[in-house]
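Student: Encoded as structure tokens, here's the structure I'll be asking about.
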Amino acid sequence: MKNNLFTLLFLFVFGTTFAQQAEWGSKFDFDAKNELAPKFVLVDNYNYYLLSVLDRIGMMAKSEIILRKFDQKNNLVETTKHALPVLDSGTLHNILGSFAIGNEKAVVFTQSYSNKAKKNDLYKHVLEKSTGKFTSTLIASYPILSAMKSGSVTVKQSDNKMYFVLNYQVHSSKKEPDVNHVKVINGSSLEVEWEKEVTYTDEYYTRDVVATNSGNVVYVRPAYSYKLDNYISLVTKDDQKAMQVGEKIDIHQPKAISIGTQDYLLAFNYPSKGVRRGDYGYLMLYDLSSGSILQNNEIEGFNSVIKIKEVAFRDVIAQNNMLYIFAEAKVDATPKPTPGSTGFPESIFTYGPSFLIMMGNDGKVSKMNPIIASTNNVADLFHAFGVINVKGEYFINTGMYSGLYSWNDIINNKKTVDKVAFGQQKPLGVEGKKIDFINQLMHYYVDRNQFLFALVIDGTQMTIGTFPGLN
């Protein structure tokens, strides 16, 4: 009886938004443990595709691109698998990133390398809407010493999606030069705009690579010695210059943004000398044009939990002379070894505190409000939340009972009936099974005022649902 009353009350509160029920497609196999970064691509009013990359290691190792096509009823109609290039029987693969390019194409960047061939090949695999197929093209090939000394490859997309930066860092020892081969790729045509070799001979090493909205590259360079601080190196087509971050400051994985036509960096940081309260106690806005910190804000929240692996910038929205920064912490939740067990338990990462941080264009943080989201989502597939633009207003998707709600709920503490509690919108036949929404995997149909959402069942199946839009 209590459950029935609760359901009636829930429907009364949220019924103005959802007179209709979600329309779920048929279930299909999905490997939640090994399929990486699923995303909707080539979406129109007739069909859409789900793009993911399988990267399974171990005895059943397999790496391939998986493309699934769906109809208007969210039913799977076709699955295409694209094998990654093989140099020889000992070829290894790394997935460097997959990206939607508007609604007409998508691209996956991969690395194929071999101890036998002593070669490191970098590819782009381009999906065209007209064919629904991938075309693989070799971007670069580099000699390597061995599979264990093959260097590292990074692909980053600029915040405005106009550029990709592909960086190959050659393997080197502490006393050898740090050599980087960088290519800046047009984000639409996927052709190389400029490329160069960037070499450093100081007592620092390259840790992070950042793509700016103007098509430049930023390297974060920490010191090998604890007596030295990090600096950043700004590399353009025609220039390369070092810029100091600040005395005794160590920064984490910065994100490049723009305010007007100027490039800036957002970076969590901490004092690299002396006693500190935690690694994520400060947030800075750094001006790349002047090479100076506009503001370095002491913040609360992320250091409230231990074992933080990283804090990720999920979205940064520039609006009305403000920066709205969505960020979530990734936390090491690996259990301790049980007494008498052999070996170590498998590493587990979840998402911890999430915040919407409001920063003025001067770099000063005015508010830091928590995002109501689950902290039990297993990384990296299941983010704590996703953000979607609905006709100029942004909505936060947290899945299940916290659901989808307007960012005004956080910014202005404005409660609205425009909320989807997904606990009442589950498909039939999943009773007693573990349900996980992939919060960041969604799409909004503007002309149909509908959302696409996806959930995983017991880690082995997926289903996609269409929800009526919010009022």
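Student: Is the C-alpha gyration tensor of the stretch 44-195 telling us rounded, prolate or oblate? Criteria: a/c under 1.5 is rounded; beyond that, a/b larger than b/c is prolate, otherwise oblate. Can you show the working numbers first?
Tutor: Values: a/c = 2.69, a/b = 1.53, b/c = 1.76.
In terms of gyration-tensor shape, oblate.
Student: While we're on this one: Stretch Asn320-Asn412 to full length: gain in nm at 0.36 nm per residue minus the Cα-Cα span? The partial results should precede the final answer.
Tutor: Working: separation 92, 0.36 × 92 = 33.12 nm, distance 1.49 nm.
Between Asn320 and Asn412, full extension yields 31.6 nm more.
Student: Quick one: length gained pulling Leu36 to Lys196 fully straight, 0.36 nm per residue minus the C-alpha distance?
Tutor: In short, 54.6 nm is gained.
Student: Could I ask something else about it? In nm, to one decimal, how far is the modelled label at Lys174 from the one at Ser289, with both set 7 Å along Cα→Cβ?
Tutor: The modelled label-to-label distance comes out at 4.1 nm.
Student: Return the whole-Å distance between the Cα centroid of the stretch 32-50 and the Cα centroid of the stretch 67-132.
Tutor: 13 Å
Student: Let me ask another. Tell me what the chain gives for mean residue ellipticity at 222 nm when only DSSP H runs of n ≥ 4 count, each as -39,500 (n - 2.57), the sum divided by the residue total, rounded to 500 deg cm²/dmol.
Tutor: -1000 deg cm²/dmol
Student: Now a separate question. Given a Förster radius of 25 Å and the C-beta distance between Ser188 and Leu92 as r, what FRET efficiency does 1/(1 + (r/R0)^6) yield to the nearest 0.05?
Tutor: For Ser188 and Leu92, the calculated efficiency is 0.20.
Student: Using R₀ = 35 Å, calculate the FRET efficiency as 1/(1 + (r/R₀)^6) where r is the Cβ-Cβ separation of Lys433 and Ile306; round to 0.05.
Tutor: FRET efficiency, Lys433 to Ile306: 0.65.
Student: Compute the length gained on full extension between Thr135 and Glu203: take 0.36 nm times their separation in residues and subtract their Cα-Cα distance, giving the result in nm to one decimal.
Tutor: On the way: separation 68, 0.36 × 68 = 24.48 nm, distance 4.16 nm.
So the extension gain works out to 20.3 nm.
Student: Would you kindly work out the equivalent ellipsoid of the stretch 245-312 from its C-alpha gyration tensor and give its semi-axes, the square roots of five times the eigenvalues, largest first in whole Å?
Tutor: That gives 23, 14, 9 Å for the three semi-axes.
Student: Take each of the peptides 292-299, 372-379, 339-346, average the number of other beta-carbon atoms within 10 Å over its residues, and list them starting from the highest.
Tutor: So the order, starting with the most tightly packed, is 372-379, 292-299, 339-346.
Student: Across 10 Å bins from 0, what is the distribution of all Cα-Cα pair distances for the stretch 272-354, in whole percents?
Tutor: Using 10 Å bins, I get a P(r) of 14, 34, 29, 15, 6, 2 for the stretch 272-354.
Student: Determine, for each peptide in 159-171, 80-92, the mean count of other beta carbons within 10 angstrom over its residues, then list the peptides with the highest first.
Tutor: On the way: 159-171: 20.1, 80-92: 14.1.
Averaged packing, sorted descending, gives the order 159-171, 80-92.
Student: Please report, to one decimal in angstroms, the Kirkwood hydrodynamic radius of the stretch 294-451 built from all distinct Cα-Cα pairs.
Tutor: 17.4 Å is the Kirkwood radius here.
Student: Shifting gears a bit: For the chain, report the accessible area per residue in Å² (1.4 Å probe, heavy atoms, rounded to an integer).
Tutor: 48 Å²
Student: Further, regarding this structure: Could you please state how large a percent of the accessible area of the stretch 104-179 is carbon and sulfur, counting protein chains only and using a 1.4 Å probe? Present the calculation step by step, with values, prior to reporting the outcome.
Tutor: Values: 1940 of 3640 Å².
Answer for the stretch 104-179 is 53 percent, counting heavy atoms of protein chains only.
Student: On the protein heavy atoms, probe 1.4 angstrom, tell me the percent of accessible surface of the stretch 315-471 carried by carbon and sulfur.
Tutor: Of all accessible area on the stretch 315-471, carbon and sulfur atoms account for 51 percent.
Student: Considering all projection directions equally, how large on average is the shadow of the alpha-carbon convex hull of the stretch 293-340, in square nanometres?
Tutor: 5.0 nm²
Student: Turning to a different aspect of this structure: Using only alpha carbons, build the gyration tensor for the stretch 102-150 and give me the equivalent ellipsoid semi-axes, biggest first, whole Å.
Tutor: 29, 8, 7
Student: Please report the projected area of the stretch 163-211's Cα convex hull averaged over all directions, in nm². Could the numbers behind the result be given before it?
Tutor: On the way: hull surface 13.6 nm².
Taking the Cα atoms of the stretch 163-211, their convex hull projects to 3.4 nm² on average.
Student: Order of 210-221, 442-453 by packing, highest average Cβ count within 10 Å first? If you can, show how the numbers build up before the last one.
Tutor: Details: 210-221: 22.8, 442-453: 16.2.
Those peptides, ordered most packed to least, come out 210-221, 442-453.
Student: How much of the accessible area of the stretch 38-93, in percent, comes from carbon and sulfur atoms when a 1.4 Å probe is used?
Tutor: Details: 1470 of 2770 Å².
Carbon and sulfur atoms account for 53 percent of the accessible area of the stretch 38-93.
Student: Ok, one more. Counting only C-alpha contacts under 8 Å and six or more residues apart, can you give the relative contact order of the stretch 227-332 as a whole percent? Don't skip to the answer; put the middle values down first.
Tutor: Details: 195 pairs, mean separation 17.8, N = 106.
Relative CO of the stretch 227-332 lands at 17 percent.
Student: At 25 °C and a viscosity of 0.890 mPa s, what translational diffusion coefficient does Stokes-Einstein give for the stretch 213-327, taking Rh as the Kirkwood radius over Cα pairs? Give it in µm²/s as a whole number.
Tutor: Calculated translational D: 163 µm²/s.
Student: Could you tell me the largest-minus-smallest coordinate of the C-alpha atoms of the stretch 215-256 on each of the three principal axes, in descending order and whole angstroms?
Tutor: Principal-axis extents of the Cα atoms in the stretch 215-256, largest first: 32, 19, 16 Å.
Student: Label 7 Å along Cα→Cβ of Leu145; the stretch 155-170 residues with amide nitrogen under 16 Å?
Tutor: 169-170
Student: Viscosity 1.567 mPa s, temperature 4 °C: Stokes-Einstein D of the stretch 175-266 from its Kirkwood Cα radius, in µm² per second?
Tutor: Stokes-Einstein gives a translational diffusion coefficient of 92 µm²/s.
Student: Something else about it: Contact order normalised by length for the chain, with contacts defined as Cα pairs under 8 Å and 6 or more residues apart; what percent is it?
Tutor: Working: 1090 pairs, mean separation 48.5, N = 471.
Reported as a whole number, the value is 10 percent.
Student: With only alpha-carbon atoms counted, please give the Rg and Dmax of the stretch 24-105, in Å.
Tutor: Just the Cα atoms of the stretch 24-105 yield Rg and Dmax of 14.1, 43 Å.
Student: In whole Å, largest first, what are the principal axis extents of the Cα atoms in the chain?
Tutor: Answer, in whole Å and largest first: 73, 58, 53 Å.
Student: Taking the Cα of Asn160, stepping 7 Å toward and past its beta carbon, and measuring to each backbone N in the stretch 244-269: which are under 12 Å?
Tutor: Only 257-264 pass the distance filter.
The values are calculated or read from the model by the stated rules, or taken from the named source; none is laboratory data. Just so we're clear, the structure is a prediction, and the values are computed from it rather than from any experiment. Please note: Cβ atoms are built from the backbone with ideal geometry, for glycine as well, and neighbour counts cover all protein chains shown. We work out accessible area using only protein heavy atoms, side chains counted, and drop any ligands, DNA or RNA first. Shrake-Rupley method; radii C 1.70, N 1.55, O 1.52, S 1.80 Å.
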